[in-house]
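Trainee: First the structure, which I've put down as structure tokens, then a few questions once you've had a look.
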């Protein structure tokens, strides 16, 4: 099934939410595995997100301007003896998109009432 | 080498596989991000105890998304608009249906060829050999056409020819009719390959045209057998196929006029 252009999948909303959660926890930028761990700790998810699913979603969000990313300073990675990380952060547009999506979910269409005649 | 090392190596090989021949920027970024992710998970797992199963599960669960991502990267690199997966599948079917039919005919040719070669009548060995060779030529042609489309089409069509003389032999008449359909389709496909696409050419149009033409051709041949009493059971099929072919051609003509 094709998704409508501009709509966000539940995973993508969770990514934005988790990214803002990490920012509130003093981690303004996050890497992929850090995000996967954050998602796994949320009430809705129980396991680490699959590689293909996660990185495809991150790329789509970045292409949509809702995330920004860059490689960390390679010297930091070398000093810590690990591969360098791609660090992401939620943009202003990403915050607004998440707020709008949550507002849309909270709006409940009133059900028609059957009045007795 | 620990279990986690092996799991990480396997995931790394999978990443290398689905990023092969991709534009260097996309491939390099994906490989580097996954390398980092695997390292981080293993570092995290050393504290928690055993990430190997989780790494493999994440790899397996994400494999369809990896392949779709690869498809998107290749399409972007070739400057082609990305088609939705469902429509892309139907277009692939419209383009390649006749290859599937050729495969079925080839299978029958090989089976019939081996059986015929063991018969006692004069020339059985030669006839059986021709049938078997025709059947074996089809997969060769299908493989070759990925690189040289016209050569491959000619090979597939040639592979069908040994089945054609069986025309009119009882219920097995469907076999040569199917073979003739493939010959027609392969001919159209080969001429299509030689001709530059029209400005308004859409992928899959050629396949639908082939389907329409081939079904009509097959339907006409089957309907002809209405005149032959020993092939009564193909008459109804022939009428149905004539209707299908007519509907297919009407749709093609309507689509081309819009």
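Trainee: With 10 angstrom as the radius, rank B:183, B:105, B:3 by how many other C-beta atoms surround their C-beta, starting from the fewest.
Mentor: With the sparsest Cβ surroundings first, the list reads B:3, B:183, B:105.
Trainee: Give me the extension gain from residue A:26 to residue A:63: residue separation times 0.36 nm, minus the current Cα-Cα distance, reported in nm with one decimal.
Mentor: In short, 10.8 nm is gained.
Trainee: Taking 7 Å along the Cα-to-C-beta vector as the label spot, tell me the residue A:71-residue B:17 distance in nanometres, rounded to one decimal.
Mentor: 2.7 nm
Trainee: Return the distance in nm (one decimal) between the two label points of a simple spin-label model at residue B:71 and residue B:147, each offset 7 Å from Cα along Cα→Cβ.
Mentor: Those two pseudo-labels are separated by 2.6 nm.
Trainee: Over the range A:10-102, calculate the relative contact order: mean separation of alpha carbon pairs under 8 Å at least 6 apart, over the residue count, as a percent.
Mentor: 32 percent
Trainee: In nm, to one decimal, how far is the residue B:28 label point from the residue B:104 one, both placed 7 Å along Cα→Cβ?
Mentor: Going by the 7 Å Cα→Cβ label model, 4.9 nm.
Trainee: To continue, here is another question. What shape does the range A:10-102 have by the C-alpha gyration tensor, where a ≥ b ≥ c are the square roots of the eigenvalues, rounded means a/c under 1.5, and otherwise prolate means a/b greater than b/c and oblate the rest?
Mentor: prolate
Trainee: Mind giving me the FRET efficiency for residue A:78 and residue B:78? R0 is 51 Å, r the Cβ-Cβ distance, nearest 0.05 is fine.
Mentor: Here the calculated transfer efficiency is 0.90.
Trainee: Follow-up. Between residue B:63 and residue B:193, what's the calculated FRET efficiency when r is the beta-carbon distance and R0 is 45 Å? Round to 0.05.
Mentor: Plugging the Cβ-Cβ distance into 1/(1 + (r/R0)^6) gives 0.85.
Trainee: If you don't mind, there's one more thing I want to ask. Report the extension gain between residue A:40 and residue A:99 in nm, rounded to one decimal, defined as 0.36 nm multiplied by the number of residues separating them, less their alpha carbon distance.
Mentor: Using 0.36 nm per residue and subtracting the Cα-Cα distance, I get 19.1 nm.
Trainee: Using only the Cα atoms of the range B:1-47, build the gyration tensor, take square roots of its eigenvalues as a ≥ b ≥ c, and label the shape rounded, prolate or oblate: rounded if a/c is under 1.5, else prolate if a/b is larger than b/c, else oblate.
Mentor: Cα axes put the range B:1-47 in the oblate bin.
Trainee: Which translational diffusion coefficient, to the nearest whole µm²/s, is obtained for the range B:3-77 from the Stokes-Einstein equation, given a Kirkwood hydrodynamic radius over C-alpha pairs, 10 °C and 1.306 mPa s?
Mentor: Translational D for this selection: 124 µm²/s.
Trainee: Also, quick follow-up: If you find the alpha carbon centre of the range A:45-86 and of the range A:17-38, how far apart are they in angstrom?
Mentor: The two parts, judged by their Cα centres, are 11 Å apart.
Values quoted throughout were computed directly from the atomic coordinates according to the rules given, and no laboratory measurement underlies them. Keep in mind the model is a prediction, meaning the values are calculated, not measured. Virtual Cβ from ideal backbone geometry, glycine too; neighbours counted across all protein chains shown.
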